[in-house]
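The values are calculated or read from the model by the stated rules, or taken from the named source; none is laboratory data. Because the structure is a prediction, the values reported are computed rather than measured. Reconstructed Cβ throughout: ideal geometry from the backbone, glycine too, with neighbour counts over all protein chains shown. Accessible surface areas use protein heavy atoms only, side chains included; no ligands, DNA or RNA. Shrake-Rupley method; radii C 1.70, N 1.55, O 1.52, S 1.80 Å.
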Amino acid sequence: MSDRLETLTSWHADWAGLRVAVLGLGVTGFAAADTLAELGSDVLVLAPEGENERASLVNVIGARLVQTDLSAVPSELSEHNPDVLIVSPGFHPDHPILEWAATEGVAVWGDIELAWRVRDKVGTPAEWILVTGTNGKTTTVQLTAAMLAEAGFRVAPCGNIGVPVLDAVRDPQGFDVFVVELSSYQLHYLAGQSGPDFVSPHSSACLNIAMDHIDWHGSFDAYVAAKGQVYDRTRVACVYNKSDARTEALLRDAEVEEGARAIGFDLGVPGPSDFGVVDGIVVDRAFLEERSTSALEITTIADLQSANLAAPHIVANVLAASALARSYGVTPAQVRTALLNFSLDSHRIQPVLTRGEITWINDSKATNPHAANASLGAYKSVVWILGGLLKGVDVSDLVARHSERLRGAVIIGKDRAAVLLAFQRHAPHVPLVEVDADNTEDVMPQAVELASRIAVAGDVVLLAPAAASMDQFTDYAERGRLFSNAVRERWEGEADDRPTNRPSA
């Protein structure tokens, strides 16, 4: 069967009758099943027991569904005898079904590989621009897409951002370019690809690397190696973070196409072939002929401030997105216009309100220490609301680094003991309070009330949990929404103040 799989590099290849098992029925798994059923393959979907809003649609699209305990290999899977297994990103590499596939010699693809193989459904395939990193992926993807759209390109932000690449591939309107957010899980399943018919992006970026998802990958080295897959076979521009040596090391080790350029970015003065900041001006020294002696102005920190994009980590995202967009031919003027019209998503350093010269900020998207570090560094005096599901990550360094800017801390979540221990060891002078609430609806009202007792004029009360949300909330969005609601309800009817402690670059 391996010979047949090697021929399946086009939507118009012969997929009919191919026996496929799809592991998982989330957004990605359903898109894979729907795609393969449309191609005429024999599709079996395996999903855990329990409610799933897509379950009733599986038969409609022409696939079969088995919902069962997936801690062992279901008999239906072995009876199906699949030629290929499509794995949804969340399944660990050591999952029993994946181990079974390896033993049986069944090919394992992720949704990204499948999407690349069938990318030519609607005329000329779109170019791909890939973005990964521990933090900032979604914002950078959205910024890049906005810049490309401003230049008149038909662009689809997709991937881990929430729209499966397979859905973008099958959109009948067609696109010029996809800006694809890739998680470390998706990149893991791209490892080992080779040959001319595998993912070869126009440009790619790794924004940063920090401790995260160690429970999934098994080690930090494995997590880093997965991130490095983003650069492989890049043809035009590989964008890396000059302030993060790991991203440069990954680029140096990558197998890129001949002629691909390394483009660095950070908040400092750029060298030739870099993007950076000079005297409050964001500049491009990469995509101009006189880059050894000149630079092109992209925007200013003052303009970014007016668009709520001036926090240092957001400026870094702006630089990376500008580099990717410029690599595709977007002009500096078009980049500037896109930035002026851009708004951050909810739950990303989102101001909620200001009362009594205390500003309340929702950064629920800060789901790991690296993201929380960026948020904390944007403010001088903070009452910090943190905690949740730590996923095996230690917050000690984060607490130690920011202890002097903390007015106090409000601890929430399942892993409170580990957070409290970090404060006892590294910031014993910081006042601490705990939220011990079992009901999801009670957590944020209590956290807001406790924080209001600590904060004084000039402070920022910052929800930057440095942890995942699934211990007490559906996701980070619910956590952020409940926080923002609790803040507004606490001061309902009182006039808003002007914020006095804005982030700066």
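Annotations
- Segment 228-340 shape via C-alpha gyration tensor axes, a/c threshold 1.5: prolate
- Normalising the average separation of contacting C-alpha pairs (under 8 angstrom, six or more residues apart) by the number of residues puts the relative contact order of segment 179-338 at 17 percent.
- Rounded to the nearest 10 degrees, the angle from helix 416-426 to the longest Cα principal axis of the chain is 50 degrees.
- Dipole of the chain computed with +1 at Lys/Arg Cβ and -1 at Asp/Glu Cβ about the Cα centre; of His95, Pro332, Phe153, farthest Cα towards the positive end is Pro332.
- Over 18 Å [Cα-Cα, segment 1-110], rounded percent: 44
- Legend: calculated FRET efficiency, Ala102 to Val456, from the Cβ-Cβ distance at R0 = 45 Å, rounded to 0.05, equals 0.15.
- For segment 256-261, putting each phi into the Karplus relation 6.51 cos²θ - 1.76 cosθ + 1.60 with θ = phi - 60° gives couplings of 9, 6, 4, x, 5, 9 Hz, in residue order, rounded to whole numbers and with x for Gly and Pro.
- Other-chain or far-sequence residues with amide H under 5 Å of Ile358's (modelled H): Gly458
- Amide H contacts for Ser41 (H built 1.01 Å from N in the peptide plane; partners 5 or more residues away or on another chain; cut-off under 5 Å): Gly17.
- Cα-only Debye scattering, segment 101-159: base-10 log of I(q)/I(0) at q = 0.18, 0.19, 0.25, 0.28 Å⁻¹: -0.79, -0.84, -1.10, -1.19
- Measuring nothing but how far apart in sequence close Cα pairs (under 8 Å, 6+ apart) lie, relative to its length, the chain scores a relative contact order of 11 percent.
- Note on segment 231-358: with charges restricted to the Cβ of Lys and Arg (+1) and Asp and Glu (-1), its dipole about the Cα centre is near 220 debye.
- Its DSSP H runs of at least 4 residues, each contributing -39,500 (n - 2.57), put the calculated 222 nm mean residue ellipticity of the chain at -10000 deg cm²/dmol, to the nearest 500.
- Overall form of segment 351-505 per C-alpha gyration tensor (a/c, 1.5; a/b vs b/c): oblate
- Residue among Val108, Trp128, Ala13 farthest towards the positive dipole end of the chain, charges placed on Cβ: Trp128
- Share of carbon and sulfur in the accessible area of the chain stands at 47%, probe radius 1.4 Å.
- Net charge dipole size for the chain [Lys, Arg +1 and Asp, Glu -1 on Cβ; Debye, nearest 20]: 1340
- Once the Cα-Cα distance is subtracted from the 0.36 nm per residue extended length, the Glu255 to Val122 segment shows a gain of 45.0 nm.
- Cα gyration tensor, segment 90-233 - rounded (a/c under 1.5), prolate or oblate: oblate
- Percent breakdown of C-alpha pair distances by 10 Å bin, ordered from the shortest bin, for segment 294-431: 10, 36, 28, 18, 8, 0
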